[in-house]
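> Right, I'll just put the structure down here and ask away after.
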Amino acid sequence: MTIIDYFGQAGKKLGWNLSDAEIRKCKKEELICKISQWIRDEQVPNESLKQVYDDYLERVSETEIANNEKWRQLTNKINEGYSVKDLYQSFTIDDLKYLGW
């Protein structure tokens with residue numbers, strides 16, 4: 001296993017380097033929860049479900065932007081030959097705990 005493979009698995013678990021298909025799946029699951037909440041709260045939007053669906057899947061969230069940036073920075077460090085210690089410092093304490101490191 002290479003360094004990029006090792007840290008790639010961690011990045012995937014944290015949602016940093018998900019494929020477009022994986023991001024789309026996550027968004028669909030989030031939208032299902034959101035629609036369910038709207039129904040429970042009786043606050044269903046006036047726009048069509050198709051429009052809500054399309055808008056939700058097309059928008060890029062701040063989280064997606066931040067995750068892409070974290071992954072870009074980590075892969076740059078790997079490609080530039082940073083030490084493993086420096087690579088681990090790319091993660092927050094919460095990240096490390098979540099990963100079981």
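Taken together, the values in this text are just the output of simple stated rules run on the coordinates, not laboratory data. Since we're looking at a predicted model, the values are computed, not measured. Positions of Cβ are generated from backbone atoms using ideal geometry, with glycine treated the same way; all protein chains shown enter the neighbour counts.
> Would you mind telling me which numbered condition in (1) farther than 15 Å from Asn67 by Cβ; (2) of a type outside the set (Val, Ile, Thr); (3) assigned to a helix (DSSP H, G or I) Lys27 fails?
The one condition Lys27 does not meet is (1).
> For Ser19, state whether it is among the hydroxyl-bearing types (Ser, Thr, Tyr) and within 10 Å of the chain's Cα centre (by Cα). Full working, then the answer.
Numbers: among the hydroxyl-bearing types (Ser, Thr, Tyr): yes; within 10 Å of the chain's Cα centre (by Cα): yes.
Yes, satisfied.
> May I ask you to say which residue of Lys34, Lys70, Lys77 is in contact (Cβ under 8 Å) with a residue 40 or more places away in the chain, part of a helix (DSSP H, G or I) and of a type in the set (D, E, K, R)?
Every option except Lys70 fails the conditions.
> I'd like to check something: does the stretch 35-48 contain any residue that is at negative phi, surrounded by 10 or more Cβ atoms within 10 Å (Cβ to Cβ) and touching a Leu at 6+ places or on another chain (Cβ under 9 Å)?
yes
> Looking at Leu96, Leu18, which one is closer than 30 Å to Thr2 by Cβ and part of a loop (DSSP other than H, G, I, E, B)?
Values: Leu96 fails: part of a loop (DSSP other than H, G, I, E, B).
None of the other options fit; the residue is Leu18.
> In a helix (DSSP H, G or I) and over 29 Å from Thr2 (Cβ atoms), is that true of Val52? Even if it seems obvious, please write down each step before you answer.
Values: in a helix (DSSP H, G or I): yes; over 29 Å from Thr2 (Cβ atoms): yes.
In short, yes.
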